[in-house]
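Down below is the structure, laid out as structure tokens.
Computed from the coordinates by the stated procedures, all read-outs in this text should not be read as laboratory data. Keep in mind that what you see is a predicted model, and the values were worked out from it rather than measured. Cβ sites come from the backbone with ideal geometry, for glycine too, and all protein chains shown count toward neighbours.
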Amino acid sequence: MLNSIKLVKVSLLGALIAISALAHAHRFHAGITDISMNPNSGNTEIVHTFMAHDVEAILENLYQRQFDLSDPEDIQVFKKYFEKQFKITDQQGIVPLKWIGLKVDPTSVIIFQELEQRALPEQVMIRQAVLTDFISDQVNTLNINKNGATQTLMFTRSQREVNLP
């Protein structure tokens, strides 16, 4: 009898730990942006990766409805938000980035952009504020791959813009 009570207690403890882990499973909010020159095309490629449920949550919060990022109209809504939050500016103004598209799977949203037929200017201001307006602990990491070296920048709610060099 005593062993069966211990077994029940251990089982309940295990269940509580599992439920607690699920409740806290997604405590880290992160995005990654990679910028690199494609020597074959001459374009600077920009690839952003975010957690799908974070993107869905901000869209639902901003527009009070469900979003389907396979729907062209919903993609345009997201694109408008995204292009306001991610910008590269040089001495002449906003650097025109071409929206290539996005790929969505159950865990991530990957956005593809490019700077056509040119390298990233040497002196730029980069704004990477995607999701930082909604998720207070969002951290966006940006890697710039240039001439075989990688420079890594971090963006948060309190640090949304960085000047280079």
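So what's the net charge close to Ser41: Lys and Arg +1, Asp and Glu -1, counting the other residues with Cβ under 15 Å from its Cβ?
Numbers: positive: Lys98, Arg118; negative: Glu45, Glu114, Glu116.
Net of charged neighbours comes to -1.
What is the local net charge at Leu69, summed over the other residues whose Cβ is closer than 14 Å to its Cβ (Lys, Arg +1; Asp, Glu -1)? Working shown, then result.
On the way: positive: Arg65, Lys79, Lys80, Lys103; negative: Asp54, Glu56, Glu60, Asp68, Asp71, Glu73, Asp74, Asp105.
Summing Lys and Arg as +1 and Asp and Glu as -1 gives -4.
Can you quote the Å³ per residue value for the convex hull of the Cα atoms in segment 16-165, rounded to an integer? Walk me through the intermediate numbers first.
Details: hull volume 20.8 nm³, N = 150.
That works out to 139 Å³ per residue.
Taking loop as defined by DSSP and a crowding limit of 10 other beta carbons within 10 Å, which GluC sites (Glu not before Pro) in segment 68-165 fit?
Numbers: sites: Glu73, Glu83, Glu114, Glu116, Glu122, Glu161; in loops: Glu116, Glu122.
Of the GluC sites (Glu not before Pro), the ones in loops of segment 68-165 whose Cβ has at most 10 other Cβ atoms within 10 Å are Glu122.
With θ set to phi - 60° and the Karplus curve 6.51 cos²θ - 1.76 cosθ + 1.60, what are the ³J(HN,Hα) couplings of segment 48-62 in order, to the nearest whole Hz, using x for Gly and Pro?
10, 10, 10, 6, 4, 5, 5, 5, 4, 5, 5, 5, 5, 5, 5
Loop-only check: which trypsin sites (Lys or Arg not before Pro) in segment 33-120 are DSSP coil with at most 13 other Cβ within 10 angstrom? The partial results should precede the final answer.
Working: sites: Arg65, Lys79, Lys80, Lys84, Lys87, Lys98, Lys103, Arg118; in loops: Arg65, Arg118.
In loop regions of segment 33-120 (DSSP not H, G, I, E or B), the sparsely surrounded trypsin sites (Lys or Arg not before Pro) are Arg65, Arg118.
Under 12 Å between alpha carbons, and skipping anything fewer than 8 positions from Lys80 in its own chain: which aspartates and glutamates qualify?
Of all the aspartates and glutamates, none pass the test against Lys80 - Cα under 12 Å, at least 8 places apart if same chain.
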